[in-house]
1. Roughly what % of Cα-Cα distances in the stretch 31-100 sit above 14 Å, to the whole percent?
2. Starting from the Cα of GLU25, move 7 Å in the Cα-to-Cβ direction to define the label point; list residues of the stretch 166-195 whose amide nitrogen is under 13 Å from there.
3. Which net charge results for the neighbourhood of ARG158, defined as the other residues with beta-carbon distances under 15 angstrom from its beta-carbon, given Lys and Arg at +1 and Asp and Glu at -1?
4. Kirkwood hydrodynamic radius of the chain from all distinct Cα pairs, in Å?
5. Hey, rough spin-label estimate for GLN72 and PHE121, points 7 angstrom out along Cα→Cβ, what's it come to in nanometres?
6. Could you grab the relative contact order for the stretch 2-193? Cα pairs under 8 Å, six or more apart, rounded to a whole percent.
7. Would you mind checking which residues have amide H under 5 Å from GLY75's amide H? H placed 1.01 Å from N; only 5 or more apart, or other chain.
8. Gain in length, SER15 to ARG99, computed as 0.36 nm per residue apart minus the alpha-carbon separation, to one decimal in nm?
Amino acid sequence: MRTFVALDLEAGIRSRIRDFLEAVEELAPEARWAPEPSLHVTLKFIGERPGLEARQIEAALSSVRAEPFPLQFQGAGFFPTPAAARVFWIGIEAGDGLRRLAWLVEEALEGLGIAREDRAFHPHLTLARARGRSARPVREKGDRPNRQFRRLQEYLERHALPEFGGMRAREFFLYRSQLSREGSQYTKLARFELHPESD
């Protein structure tokens with residue numbers, strides 16, 4: 001079972017992103033666009049863990065203690081570079097709250113033998129991935145120019161991005177990811193509340 005830990009989006013933000021996707025998807029028809037219902041902010045990708053049950057992961061994540069925090073969805077970019085773009089993303093501004101939560105999730109899962117990420121946490125919301133390319137956001141040997149996002153990049157140079165808005169993160173979730181012909185299907189397995197320190 002493939003699992004990951006993530007924040008869900010509030011309805012207003014989701015709606016504004018859906019409107020933006022409807023306006024730009026045709027500019028990169030070869031790319032694999034994320035269906036609007038599947039959008040989330042990944043805190044930790046766990047993946048397949050044979051012998052490790054979801055309830056063990058739930059128990060570990062239940063130990064996470066963090067305060068609610070604000071997030072603002074703004075800006076956009078391409079990983080690893082615009083010229084060799086494999087991933088198109090929206091940026092997230094969240095101060096230290098989001099990075100701290102990701103760190104606490106990593107710490108809780110490390111006790112189950114789940115290794116920490118070997119790269120810095122870069123908060124973002126993936127909107128599209130180039131077909132036939134790795135989905136990893138870092139530079140890789142053999143990276144070469146990719147024109148799948150060229151028309152989208154030209155559009156973004158001419159138009160200001162819409163305001164996607166902000167929200168206050170009050171919870172996070174453990175998700176299951178199931179691959180299908182239509183793409184990945186996500187199911188929430190468990191919910192974890194964030195509490196002010198005074199609680």
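1. Details: 1819 of 2415 pairs.
Result for the distance tail: 75 percent.
2. Residues passing the 13 Å test: 183.
3. Values: positive: ARG150, ARG151; negative: GLU154, GLU157.
Once all neighbours under 15 Å are counted, the net charge is 0.
4. Details: mean 1/r = 0.0558 Å⁻¹.
One over the average 1/r among Cα pairs gives 17.9 Å for the chain.
5. 2.0 nm
6. On the way: 315 pairs, mean separation 62.4, N = 192.
So the answer I get is 32 percent.
7. GLY91
8. Details: separation 84, 0.36 × 84 = 30.24 nm, distance 2.52 nm.
Contour length minus the Cα-Cα distance gives 27.7 nm.
Bear in mind these aren't lab numbers, they're just calculated from the coordinates by the rules spelled out. The model shown is predicted, which means the values in this text are computed figures rather than measured ones. Backbone-built Cβ (ideal geometry, glycine too); neighbour counts: all protein chains shown.
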